[in-house]
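Working notes, beginning with the structure itself.
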Amino acid sequence: MSQAGGGGPGAVFAGGGPGAVFAGGGPGAVSVSVGGGPETGPAGPARPRVVLGVSGGIAAYKAVEVLRQLTESGHDVQVVPTAAALRFVGEPTWAALSGHPVATDVWTDADAVRHVRLGREADLVLVAPATADLMARAVAGRSDDLLTATLLTARCPVVFAPAMHTEMWEHPATRANVATLRERGVLVIEPAVGRLTGADSGAGRLPEPVEIAAFARAVLARGPAGVRADLAGRRVVVSAGGTREHLDPVRFLGNSSSGRQGYALARAAAARGAEVVVVAANVALPDVAGVTTVPVVSAAQLRDAVLAAAKDADLVVMAAAVADFRPADPRAHKIKKTDGAPAPVVLLPTADVLAELVSDRAPGQVLVGFAAETGSPGADVVTLGRAKLARKGADLMVVNEVGDGLAFGTPDNAAVVLAADGDETVIPRTTKELLAHRVLDLARAKLAGQPDVGRDTGARVTSPAEGL
Ligand SMILES: Cc1cc2nc3c(=O)[nH]c(=O)nc-3n(C[C@H](O)[C@H](O)[C@H](O)COP(=O)(O)O)c2cc1C
């Protein structure tokens, strides 16, 4: 079965309505590097070109929302469904929402040579959902429809989001196919665990569309070089969000951390092939695709979860805003106004998680702290961050200036990354996704056994987006 609109020759990414700017891109078409966080959308005149491959699983309907997410953040999306996918969601839906004609076979508009051009011109190929069958065909190098042909011609990053029943996902054939795809550089998002087609549940569920779209943006954000799986085989723990120290069951001492920076770090590490655990303190964001999320509330819970996860981790990034103090006497019942003014709140220090990580660290483990500082009379944020780094003994300290609309809850961030050996790297204001990748670049260079590529020389990096 094939479906086509009237795109005509050359109408691969062209002809997509008023915003379409990719006619005649050709093999030499320039990829663009964007700060494509969900909040900001891509900048600049050219829109990144995404091929959204959809194969024939029950989760195909969720790909409609992935398409929406990407087009709304300004991406030029060409949908390539398989014939089986069109049995779940029809061609008019894909064509209308993408603004592009849709084909499933290589014969439609043969003069446009879509089977070659789509892959060549794309900045990213994202297959969601990826069926067991589609992955098997991709591994075998088949090109018996437009999607598999596109996968063979693509030289851009390729992301697969598999979805299927647990038995199919766990079958040795599928495991081997996933391993082969990863060896070839395909970024395969781990499916979520949850409700499947019927009443059953287990591993194999497609992650939420918002997370798949965020993953795709994180990959695109790295620009033409894309995301390399340079953290493959590494275990990474990230803490995110802000802890709450309860005064009574309904009131707490907390902070304004949204968890966005921590989640961006987790997403970036997963995109680079790491096995990631995120310890999430009161984060109201969707779980990051392909990442194990451990929800916690208090500093004590966060400590326990981080120390447990860190035991066999190569890298621990403490991005959460952890309370320094907790009420000495939290009440079991709500403190009532009618009982009169409560006694003054006595505070006790909480555990110093980063210091514990440092004292317990496994050989070769890299530890990264975050310092959210407002500065104080006589000491700027970098001076305070340097003092914190020396006090804690971590490898890197990411120093954020907070307050007055900075860092907390915002889509972007700026930081100075201080290293124990004296290096100092300025990361100018950028998206939290790009900042996350830059922090991971620096952390990766510290990992034992890794070539020292990308390591800073000590010079302050001040050009915008350098190395991002
Ligand atoms: C109702 C229904 C739901 C299906 N869901 C899935 C699924 O979630 N994952 C999967 O790998 N295959 C699923 N299949 C099987 C695929 O549709 C079948 O393997 C097909 O050949 C896939 O073709 P494609 O990979 O070319 O899209 C389902 C089939 C049916 C009838």
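By how many nm would the segment from R429 to V345 grow when fully extended, if each residue of separation counts as 0.36 nm and the alpha-carbon distance is taken off? Present the calculation step by step, with values, prior to reporting the outcome.
Values: separation 84, 0.36 × 84 = 30.24 nm, distance 3.82 nm.
Once the chain is fully extended between R429 and V345, it gains 26.4 nm.
Using the Cα gyration tensor of the stretch 254-327, with a ≥ b ≥ c the square roots of its eigenvalues, what is the shape: rounded (a/c below 1.5), prolate (a/b larger than b/c) or oblate (neither)? Walk me through the intermediate numbers first.
Working: a/c = 2.11, a/b = 1.40, b/c = 1.51.
Taking the square roots of the gyration eigenvalues as a ≥ b ≥ c, the stretch 254-327 is oblate.
Counted by neighbouring Cβ atoms within 10 Å, the residues F252, F160, F325, F370 run from fewest to most as F325, F252, F160, F370. Round to a whole angstrom and tell me the spacing of the C-alpha centers of the stretch 80-119 and the stretch 203-275. What the calculation gives is 32 Å, centre to centre. Placing pseudo-labels 7 Å out from each Cα toward the beta carbon at A232 and D248 gives an inter-label distance of 5.6 nm. All C-alpha pair distances within the stretch 178-304, sorted into 5 Å bins from zero, spread as 2, 10, 18, 20, 18, 13, 10, 6, 2, 1, 0 percent across the bins. Between K311 and E170, residue separation times 0.36 nm minus the direct Cα-Cα distance comes to 48.1 nm.
Taking other C-beta atoms within 10 angstrom as a stand-in for reagent exposure, T292, T174 fall in the order T292, T174, fewest first.
Going highest first, how would you order 231-242, 135-146 by mean Cβ packing within 10 Å?
Details: 231-242: 24.4, 135-146: 18.0.
The densest-packed peptide leads the list: 231-242, 135-146.
Along the stretch 419-432 the Karplus relation, 6.51 cos²θ - 1.76 cosθ + 1.60 evaluated at θ = phi - 60°, assigns HN-Hα couplings of 10, 4, 8, x, 4, 9, 10, 8, 10, x, 3, 7, 6, 5 Hz to successive residues, with x for each Gly and Pro.
When you count, for each residue, the other Cβ atoms within 10 Å and take the mean per peptide, how do 152-158, 285-291 rank with the highest first? Could the numbers behind the result be given before it?
On the way: 152-158: 19.0, 285-291: 22.3.
Peptide ranking by packing, descending: 285-291, 152-158.
Computed over the stretch 118-197, the convex hull of the alpha-carbon atoms projects to a mean area of 5.1 nm².
Each principal axis of the Cα cloud of the stretch 235-446 was evaluated for its coordinate range; sorted largest first, these ranges are 58, 42, 34 Å.
For Y61, Y263, the sequence from fewest to most other C-beta atoms within 10 Å is Y61, Y263. Computing Rg and the Kirkwood Rh from the Cα coordinates of the stretch 49-224 gives a ratio, Rg/Rh, of 0.93. Under the simplified labelling scheme, the A390-R87 pair shows an inter-label distance of 6.9 nm, with each label point 7 Å from Cα along Cα→Cβ.
None of the figures in this text is laboratory data; all of them are computed from the coordinates on show. What you see is a predicted model; the values in this text were computed from it and never measured. Please note: Cβ atoms are built from the backbone with ideal geometry, for glycine as well, and neighbour counts cover all protein chains shown.
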